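The values are calculated or read from the model by the stated rules, or taken from the named source; none is laboratory data. Everything quoted here is computed from the prediction, not taken from an experiment. Note: ideal-geometry Cβ built from the backbone for every residue, glycine included; neighbour counts use all protein chains shown. Heavy atoms of the whole protein, side chains included, go into the accessibility calculation; ligands, DNA and RNA do not. Shrake-Rupley method; radii C 1.70, N 1.55, O 1.52, S 1.80 Å.
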Amino acid sequence: METGHLTAIYIGVAIYFAAMLSVGYIVKNKIKVTEDYLVGGRKFTLLFNAPALTACFLGGSLILSLPGATYSMGVWSDSAMFGSAISLGGIFCLLIAGFFYMPKLWRLKLLSLGDYFYNRFGKPTGITVSIVTVMTFVFWVAVQILVFAKICTVFLGWDLFWSALLGIAIICVYTSMGGLWAVMVTDMIQVALVTIGVVVLLPLALPLVGGWDAFVAAVPSERTHVFPQVADAHVWLAWLATWCVVGIGSVVSPDLMQRAFAAKTAAVARNSAIVAAIIKTVLSIIMILLALVGLVMTNTGIIPESMLQGDMELIVPVMVKEFLPLPLMILFIGASLSAVMGAASSALLAMSGMMSKNIIKDFVKPDISDKQLLFLSRICVIIFSGMALYAALNLKYVFLLVAFGFDLIMASLFACMTLGMYWKKTNGYGAVAGIIAGLLVRIIPAGIANGFTLEGVCSSAPGWYIYTLLGPIVAFAVTIIVSLSTQKLNPSNEYGFHYDANDNPISIDQAKAKAGA
């Protein structure tokens, strides 16, 4: 790359980084109490909330994973029993969460998702869920850091370590300063940049392969299959499980639900998810088309496959570097880094809320003041940033850990949350039993069949789809059976089904006391 072009990219990236840090500094004065920091005082309208929900499903998934999987396997591959469909599951997650979960959870006036499990099922369940979720999302942030570093390495030639360190430092600073206000404002900027960058790139790329008709004729048909093409039960089960890992597993995502809690009304929470699903659908379709354009380019020699250096996820960055004019290249780099930073900051803040509120305050030190809790929340952002950086740079299987993490969440927590919201007899004993049963069914049979290693039980092991689908089914069954059989020992709290005069949620004991009074 020419020195002048590289200098211009440096300047553009520096301006973008400075803007992100400035947002954190400017909005930090809005943070007075912990509620302001974690849920923005519940003041956000559709204009802020929809981009924020979209940002939860962008990051490395949109920029690298989705086009990389499409390039290698297509939307769905019968032979690989995998494809880019796993990234598309976020669309269904947003719709499911928006229609069936967010409005009900919004009414509970929670600070974090862990609050729901704590209030509905008691302290043991709340602590268990918080720990499992926090550890899973450390790896999610680690993946975003790796993607950030990879983008800087491709376009700027920077060292991987220093790129990762710079990325997490900027994310950590503006998130710890401004809390959800900083995350929401930067998410709106970031989603706008991503949308512009992606939408502009496609019409510029198509003429390079001869236009739309030539492109359609040159794309291998097997790369465009959305459904399995064979009557094989195993292939169809794998297809279903691939959509479910993110489509259902992400419903119990703390960053996703934190945006629901921050909405101004329940209707805003619901409508924001619907709008976010539409934006995610449009961006995903464009990235799939770009990946297929890249495939045609490598098949026809326009791009030598050696330029990918064996990493198919680099297909879109390589296209950008080779064919876009400098101003648009800078825009796309900013858009790519925006997607990654938005996803990482969302997860960091959600983890901070669960650790400070649901683990330390609810379990370790209940008498902590709100001022201390606010300070602790900021410290947790810094600690989790360090943990994610370490995981990104030192753990060999960080990508597998993320996929497996969502798999485990679906197996263990989805049934617990769903039944807790929609079935009043669900109790703490049933919830804990369902969580344990789902985890065991997901891990032990896979370990017996393939060996008790990460590769042996994760979402790429032989037969993984059977255990992925079986886990939540068993969790639902066990939760129902144990709840029914232990009603006298552990009556359901029914938190969220009763409200005081101000429409605030109260437990069934408080409701009975109020009725008696």
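Side notes on the structure shown:
- Computed over protein heavy atoms with a 1.4 Å probe, the accessible surface of the chain works out to 37 Å² per residue.
- Computed extension gain for ILE379 through VAL33, at 0.36 nm per residue and net of the alpha carbon distance, reaches 123.1 nm.
- With the largest listed first and rounded to whole Å, the semi-axes of the equivalent ellipsoid of region 110-175 from the Cα gyration tensor are 35, 11, 7.
- Simple label model, 7 Å out from Cα along Cβ direction - TYR422 to LYS371, nm: 4.6
- Helix-only CD estimate at 222 nm, as mean residue ellipticity for the chain, using -39500 (n - 2.57) per DSSP H run (n ≥ 4): -24000 deg cm²/dmol
- Summing +1 for each Lys or Arg and -1 for each Asp or Glu among the other residues whose beta-carbon sits under 11 angstrom from that of MET177 gives +3.
- Rounded to 0.05, the FRET efficiency of the ASP232 and ILE448 pair, given R0 = 30 Å and the Cβ-Cβ distance, is 0.80.
- Lys, Arg +1 and Asp, Glu -1 on Cβ, resulting dipole of the chain about Cα centre, debye, nearest 20: 1820
- Computed on the Cα atoms alone, the convex hull of region 145-289 gives a volume of 178 cubic angstrom per residue.
- Point-to-point label distance, ALA18-LEU6, nm (Cα→Cβ direction, 7 Å offset): 2.2
- Comparing SER77, ILE96, GLY157 along the charge dipole axis of region 1-158, the residue lying farthest to the positive side is ILE96, per the Cβ-charge model.
- Student exercise, region 343-429 dipole from Lys, Arg, Asp, Glu Cβ charges, in Debye to nearest 20: 120
- Checking every one of the trypsin sites (Lys or Arg not before Pro) in region 1-92 against DSSP loop status and a limit of 12 other Cβ atoms within 10 Å picks out LYS32.
- Relative counts (whole %) of C-alpha pair distances in region 287-352, using bins that are 5 Å wide: 4, 15, 21, 20, 16, 10, 8, 4, 2, 0
- Counting only Cα atoms, the size of the chain along its three principal axes is 78, 58, 39 Å, in decreasing order.
- Of the peptides 116-126, 56-66, the ranking by mean beta-carbon count within 10 Å, highest at the top, reads 56-66, 116-126.
- Straight-distance crosslink candidates among lysines, where the alpha carbon sits under 16 Å from LYS425 and sequence neighbours closer than 8 are dropped: LYS488
- Three-way shape label, region 117-227, alpha-carbon gyration tensor, a/c 1.5: prolate
- Once the Cα-Cα distance is subtracted from the 0.36 nm per residue extended length, the THR486 to ASP311 segment shows a gain of 57.7 nm.
- Each Lys and Arg Cβ is given +1 and each Asp and Glu Cβ -1; about its Cα centre, region 209-342 then shows a dipole of about 640 debye.
- Close lysine pairs were tallied over region 28-176: pairs 8 or more places apart or on different chains with Cα atoms under 20 Å apart number 8.
- Considering only ALA217, ALA276, LEU206, and ranking their Cα positions along the charge dipole of region 158-285 that arises from unit charges at the beta-carbon of Lys, Arg, Asp and Glu, the one farthest toward the positive end is ALA276.
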